[in-house]
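The values are calculated or read from the model by the stated rules, or taken from the named source; none is laboratory data. Model, not experiment: these values are computed from the prediction. Here the Cβ is made from the backbone with ideal geometry for all residues, glycine too, and neighbour counts use every protein chain on show. Only protein heavy atoms, including side chains, enter the accessible area calculation; ligands, DNA and RNA are left aside. Shrake-Rupley method; radii C 1.70, N 1.55, O 1.52, S 1.80 Å.
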Amino acid sequence: MSSLIWSGRLVGATIPMAASLLALPVHAQSQAAPQPITQDEAVSRALAVPDWRAAGEGRRDAARAEADGVRRFDNPSLEVRRGSVSGPGEDETEWEAEVVQSLDLTGRRASLRRAAEAEADAVDLEVRRADQERVAAVRRAWVECAVASRKADLSRRFSARLAAVERIVSERTDAGDVAIYDLRRMRVEARTAEAEAAILEAEVGAACAGLSALTDTTGARAAGPLLAPMPAEAVVADRPDLRAGERRAEAARQQVRAADRSRLPELEFGLGWKRLETMGIEADGPQFSVGLTLPLFDNGSARARQARAEERAAAAELALDRRTVDGEIAAAAARVDGLLAALTAAIETHDDAQRLGAAAQTAYEAGEGDVTELVDAYRAAHAADLFITELTGRANLAVIELDLARGGQP
């Protein structure tokens, strides 16, 4: 869909740029110069903010480090013993040193490692989802800034238009063609339009403050025209947060497997050296030992119940999240369709609304209409401009929400 460009012309109605700048409050002139940025530039800057990148990388690195910490084997233990026995004959002394290593023959630690890796994958997907939400926040802020800027620009033009009409009415009043009521009415309308333009101008800074904060750009403003969004295409949702839920469900299954296998005994193998001194004889040599852990007091049954409960909870939460996402997508798609239809209808009547002012002014100058009809015609045209701008902004916001619900960008 092509961009929406609105314009209005009135012969002799111009406002010099210098005069408009002098009309600004002192504090507004002292603010930082506006920095126009496109939506793509805003997204790139927001994702490149060092603190944001550091936060995401930190979460990823921490999760991967935790997975790397679950090794195939526990650390071995070193045992050194020395004993001495005294008797009626010679004393007997022995010492030995042994390294003992437990072996995960049951696969318990392997399951724990797979669970940690699945959790790390989930964290990575959550960071990707956080990036998508930040992109959506930046796009919203850009649209809100663009809408506020466009409304302020339309109000300035409307104020200038009424100021020009006021001069025409003043000339006709001086010539005795119209009553003084017409001039007074136009002065009221012109001052009201000036006040409305000043209010909307002040709102631009407030509306664009979020864009400045997200992009770390002082005085950020939306660059380029506010475009009507294209109709959304039907695509299959690919939500990183749903995939994160799937990985967490897998982590829970691996925890269950690890808890079940903790009930089995673990083997320990030892290899060392032994030295014996008795009756003047010294002897030494290698020794080998085999041990077995007996799960008598802690057989892992409590951990198994906990792991199974967490697995059921993870599966249920994932199912609920999927239904929630389906609802979000359906609602967002319906909202987009409704707003695009309303915007199309508003655009179709835009030209008629703009012709009202010119027709009313021609009739007024010919003495065939009164000033009330003239003001109403210009206000109707201005309201049509504002309404289209508002609808364009809302349609863009709805498309952003639909993209986010479907898991798009990036």
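Looking across 190, 206, 195, 249, one residue alone is part of a helix (DSSP H, G or I), over 23 Å from the mean Cα position of the chain (by Cα) and surrounded by fewer than 14 Cβ atoms within 10 Å (Cβ to Cβ). It is 195. Within region 370-392, if we keep just the residues that are farther than 15 Å from residue 154 by Cα and open to solvent by 20 Å² or more (accessible area, probe 1.4 Å), the residue that is modelled with the highest pLDDT turns out to be 376. Beta carbons closer than 9 Å, at least 6 apart along the sequence or on distinct chains, pair a first residue in region 305-318 that is in contact (Cβ under 8 Å) with a residue 12 or more places away in the chain with a second that is surrounded by 13 or more Cβ atoms within 10 Å (Cβ to Cβ) and among the β-branched types (Val, Ile, Thr) for 307/256; 308/256; 310/256; 311/256.
Scanning region 53-70 for residues that are out of contact with any helix residue (DSSP H, G or I) (no Cβ under 7 Å at 6 or more places or on another chain) and open to solvent by 70 Å² or more (accessible area, probe 1.4 Å) returns 53, 57, 61, 68.
Residues in region 343-369 that are within 27 Å of residue 398 (Cα to Cα) and loosely packed, with under 15 Cβ neighbours inside 10 Å were compared, and the one that is modelled with the lowest pLDDT is 351. How many of the residues making up region 169-181 are surrounded by fewer than 21 Cβ atoms within 10 Å (Cβ to Cβ) and either in a helix (DSSP H, G or I) or of a type in the set (Val, Ile, Thr) (or both)? The number of residues fulfilling the criteria is 8.
If you take the residues of region 58-91 that are over 26 Å from residue 247 (Cα atoms) and of a type in the set (Lys, Arg), which of them is modelled with the lowest pLDDT? Give the steps one after another, and end with the answer.
Residues of region 58-91 that are over 26 Å from residue 247 (Cα atoms), as a first pass: 75-91.
Add one more test, that the residue is of a type in the set (Lys, Arg), and what stays is 81-82.
Details: 81: 85, 82: 82.
Applying the filter and picking the extreme gives 82.
Filtered by the rule that a residue be under 22 Å from the mean Cα position of the chain (by Cα) and among the hydrophobic types (A, V, I, L, M, F, W, C), region 34-83 gives 37, 42, 43, 46, 47, 48, 49, 52, 54, 55, 62, 63.
Tell me whether region 290-300 contains one or more residues that are part of a strand (DSSP E or B), modelled with pLDDT of 85 or more and hydrophobic (A, V, I, L, M, F, W, C). Steps first, please.
Taking region 290-300 and keeping what is part of a strand (DSSP E or B), we get 290-292.
Filter once more, keeping what is modelled with pLDDT of 85 or more: 290.
Filter once more, so that each one left must be hydrophobic (A, V, I, L, M, F, W, C): 290.
Looking for residues that are part of a strand (DSSP E or B), modelled with pLDDT of 85 or more and hydrophobic (A, V, I, L, M, F, W, C), one finds at least one in region 290-300, hence yes.
Restricting region 26-52 to residues that are loosely packed, with under 11 Cβ neighbours inside 10 Å and modelled with pLDDT under 50, the residue that is farthest from residue 142 (Cα to Cα) is 26. The residue that is surrounded by the fewest Cβ atoms within 10 Å (Cβ to Cβ), among those in region 79-123 that are part of a helix (DSSP H, G or I) and of a type in the set (A, V, I, L, M), is 110.
Which members of region 258-268 meet the condition of being charged (D, E, K, R) and crowded, with 20+ Cβ neighbours inside 10 Å? Break it down into steps so the answer makes sense when it comes.
Initial filter on region 258-268 (charged (D, E, K, R)): 260-261, 263, 266, 268.
The one that is charged (D, E, K, R) and crowded, with 20+ Cβ neighbours inside 10 Å: 261.
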